[in-house]
Amino acid sequence: MEFIQKSIQMDREKCSAGTQIALEDDINITDAKPDVYQLVTEKGHVDVEEVRAMEDHVHVKGTLHFSVLYIADEEVRRPACMEGALPFEERVFMDGVQAGDSVCVKAALEDLSIGMINSRKLSVQALLDLKLLVEETEEIAPAVGIEDADGVEVCRKQLQALNLVIEKKDILRMKEQISVPGGMPNIFCLLWQECRLKDMTFQIMDEKMTVHGSLGVFFLYEGEGEERKAVWYETELPVNGTVECQGMRAEMLEDICCRIGHQEAEVRPDEDGEERCIALDIVLELDMKLYEETKEDVIADVYGVKQEIEAVCMSGQYRQLLVKNTGKTKASGRLKTAPGVPAIQQICSAFGNVAVGGMEICEEGVRIWGTVNVQVLYASSDSELPFYCLKGSLPFSYVLEAPEVSEGCSYRIEPALEEVTASMLDADEAEVRAVLSFKGLVCRVKREDVVTGARVSALDPEKLAALPGIVAYIVQEGDSLWEIGKKYYVPAAKMKEMNGLAGEEPKAGDKLLIVKGR
């Protein structure tokens, strides 16, 4: 008797950790920039540049990049912009991580506050949130068949697992040229830009993946001419691209996170030589996980009718796909100007980001809650403060449906801010509306024993002699033909035939005739 085994790869979470990093520094205004009269708004993003695993610790190195829009302290108050960076290094405790492990690090900017110390110096304070994860692949080799199985009874089961087949990071580069409409002044210099992805979809094919969606862009720029008037322009660009990926197959299940990474905007002349074009170079960073559902018919248990056979098992942990789902929700609210700030004359645009407060399993699925932190940039009639920004937060709570979800399930949910708009109610108040999307993968985490072989020995003559030749057996609650046959060393098929059972299991209280050696 020889067992036929098949190798199955099962991925699981090895270890995880999280930490927050507080950054604080004073930044001087660069010599090429004008003095600061009043800060308007700020933004930032985090780049992780180096991740190095050690025993029970992970070294993370990166940079916080920030931009500040302000009103210059000049005879005529005009908007200006300055950029800066704060490097950071952190040693994060992570129980179980080892040197050489591949650590996935997600860095988010939880809070950014920039204050004015004087006209040439700013105070920058930031709170970064780091989440670290190590996944590992466990290989098990369950028995799928037996050669020379005479006198061996085999019980089978189907093992269904969601296996991580491809995990990689890639980029998709977008190069677009935008022309400002007629009637708007030529571009003297760019002051501020915002980009936001919307309705991103990914189609998996053999050896490649297509990416579709749209990119909303906003520009505030200083126009040519004596007045050097600041104007703004907003538009939407299509996102279409292809990413090559060796080993990718159309039937794979994708779990892909897409974010805007490096971005550059450069003013260029049009066909008439006038500065009316903006060349946009944007890198979309793709965090790609591709899964495959495997179904293997494996041996669950064995027993012998001519010899003693004891199954040898090993324990394996794996994931089963419960649901892959997407959903959207809305958040809205009103923002009022504070006393002493200029009144709203015209809204330029609204921006924001999602701050997840927490996630938990509930009866209907996975509940996600948090806030949308919004900023509404507007123009005013105040010559001292021609631009200003309303800031606030919109709370949200949403349940991503996942039928049959239970405690112990694993989930990976990516929130995204699809859209944020603002409308002017009056000179002191604006109404803000946001649309959030959620993309989630929810799995059962299972651990069970699988048969990998067997120990074979001769039947104990005394034990065999003690068994009756014929038994009238009354089926008990929870009994199966398999367990009854194993107890009396009788093939299950023979019991079915003798008792006229057409494939179904007997019910509690049924009487079975069991004959030894049959």
- Task: Please tell me if L191 is open to solvent by less than 50 Å² (accessible area, probe 1.4 Å), in contact (Cβ under 8 Å) with a residue 60 or more places away in the chain and over 24 Å from I166 (Cβ atoms).
- Result: yes
- Query: How many residues, within the stretch 19-72, are of a type in the set (G, A, S) and not in a strand (DSSP E or B)?
  - Reply: 1
- Scope the stretch 195-212; condition under 23 Å from C277 (Cα atoms) and in contact with an Asp or Glu (Cβ under 9 Å, 6 or more places away or on another chain); matching residues: R196, L197
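For the stretch 157-212, give me each residue that is at positive phi and among the small types (G, A, S).
Pass one, the stretch 157-212, residues at positive phi: 183, 199, 207.
Residue satisfying the conditions is G183 alone.
What number of residues within the stretch 10-54 are of a type in the set (G, A, S) and without any contact (Cβ under 8 Å) to a residue 60 or more places away in the chain?
Residues of the stretch 10-54 of a type in the set (G, A, S): 16-18, 22, 32, 44, 53.
Pick out the ones that are also without any contact (Cβ under 8 Å) to a residue 60 or more places away in the chain and you get 32.
Residues flagged as of a type in the set (G, A, S) and without any contact (Cβ under 8 Å) to a residue 60 or more places away in the chain within the stretch 10-54 amount to 1.
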- Message: I'm checking my understanding of the structure. Among residues of the stretch 202-228 that are farther than 30 Å from I347 by Cβ and polar (S, T, N, Q), which one is least open to solvent (accessible area, probe 1.4 Å)?
- Response: T210
- Candidates A402, A416 - the one that is open to solvent by less than 30 Å² (accessible area, probe 1.4 Å) and modelled with pLDDT under 95: A402
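This table checks each residue for (1) of a type in the set (S, T, N, Q); (2) at pLDDT 95 or above; (3) in a strand (DSSP E or B).
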| residue | (1), (2), (3) |
| --- | --- |
| K306 | no, no, no |
| E310 | no, no, yes |
| T329 | yes, yes, yes |
| G333 | no, yes, yes |
| E363 | no, no, no |
| V366 | no, yes, yes |
| S383 | yes, no, no |
| L390 | no, yes, yes |
| L394 | no, yes, yes |
- Message: more than 30 Å from R444 (Cα to Cα) and not small (G, A, S): which single residue out of I4, I27, I8 fits that description?
- Response: I27
- When restricted to E153, E147, E139, the only residue touching a strand residue (DSSP E or B) at 6+ places or on another chain (Cβ under 7 Å), farther than 30 Å from M248 by Cα, of a type in the set (D, E) and open to solvent by 70 Å² or more (accessible area, probe 1.4 Å) is E147
- Which is closer than 30 Å to K487 by Cβ and either out of contact with any helix residue (DSSP H, G or I) (no Cβ under 8 Å at 6 or more places or on another chain) or of a type in the set (F, W, Y) (or both), of G115, G145? G145
- Taking the stretch 347-398 and keeping residues open to solvent by 60 Å² or more (accessible area, probe 1.4 Å), under 30 Å from R77 (Cα atoms) and either among the hydrophobic types (A, V, I, L, M, F, W, C) or under 18 Å from the mean Cα position of the chain (by Cα) (or both) leaves N353
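Residues checked against (1) assigned to a strand (DSSP E or B); (2) not hydrophobic (A, V, I, L, M, F, W, C):
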residue: G100; (1), (2): no, yes
residue: A108; (1), (2): yes, no
residue: I117; (1), (2): yes, no
residue: E139; (1), (2): yes, yes
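Okay, residues lined up against (1) within 30 Å of K328 (Cβ to Cβ); (2) without any contact (Cβ under 8 Å) to a residue 24 or more places away in the chain; (3) among the basic types (K, R); (4) not in a loop (DSSP other than H, G, I, E, B):
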| residue | (1), (2), (3), (4) |
| --- | --- |
| K446 | no, no, yes, yes |
| V471 | no, no, no, yes |
| Q476 | no, no, no, no |
| G509 | no, no, no, no |
- Query: Within the stretch 314-322, is there a residue that is at pLDDT below 95, farther than 30 Å from F3 by Cβ and open to solvent by 30 Å² or more (accessible area, probe 1.4 Å)?
  - Reply: yes
- What about G340, is it over 25 Å from D199 (Cα atoms) and out of contact with any Phe, Trp or Tyr (no Cβ under 9 Å at 6 or more places or on another chain)? yes
- Conditions: (1) surrounded by 19 or more Cβ atoms within 10 Å (Cβ to Cβ); (2) more than 15 Å from L122 (Cβ to Cβ). C15 meets all but one. Number of the miss? (1)
- Would you pick out the residues in the stretch 503-518 that are more than 49 Å from the chain's Cα centre (by Cα) and not β-branched (V, I, T)? G509, D510, K511, L512, L513, K516, G517, R518
- Out of (1) in contact with a strand residue (DSSP E or B) (Cβ under 9 Å, 6 or more places away or on another chain); (2) at pLDDT 85 or above, the one P468 does not meet is (2)
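Say whether the condition of being among the hydroxyl-bearing types (S, T, Y) and open to solvent by 50 Å² or more (accessible area, probe 1.4 Å) is met by at least one residue in the stretch 230-244.
Among the residues of the stretch 230-244, at least one is among the hydroxyl-bearing types (S, T, Y) and open to solvent by 50 Å² or more (accessible area, probe 1.4 Å), which makes the answer yes.
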- Query: Within the stretch 85-111, how many residues turn out to be modelled with pLDDT under 95 and more than 24 Å from E167 (Cβ to Cβ)?
  - Reply: 3
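Would you say V48 is surrounded by fewer than 18 Cβ atoms within 10 Å (Cβ to Cβ), within 21 Å of the chain's Cα centre (by Cα) and of a type in the set (V, I, T)? It would help to see each step written out before you state the result.
Working: surrounded by fewer than 18 Cβ atoms within 10 Å (Cβ to Cβ): yes; within 21 Å of the chain's Cα centre (by Cα): yes; of a type in the set (V, I, T): yes.
Judged against the criteria, V48 is a match.
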- Output yes when any residue across the stretch 69-89 is in contact (Cβ under 8 Å) with a residue 24 or more places away in the chain, hydroxyl-bearing (S, T, Y), out of contact with any helix residue (DSSP H, G or I) (no Cβ under 8 Å at 6 or more places or on another chain) and crowded, with 18+ Cβ neighbours inside 10 Å, and no when none is. yes
- Which one is farthest from G365 (Cα to Cα), of the residues in the stretch 448-469 that are assigned to a strand (DSSP E or B), of a type in the set (G, A, S) and open to solvent by less than 50 Å² (accessible area, probe 1.4 Å)? A454
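The values are calculated or read from the model by the stated rules, or taken from the named source; none is laboratory data. What you see is a predicted model; the values in this text were computed from it and never measured. With ideal geometry, Cβ positions are generated from the backbone for all residues, glycine too; neighbour counts draw on all protein chains shown. These accessible areas exclude ligands, DNA and RNA; they are computed on the full protein's heavy atoms, side chains included. Shrake-Rupley method; radii C 1.70, N 1.55, O 1.52, S 1.80 Å.
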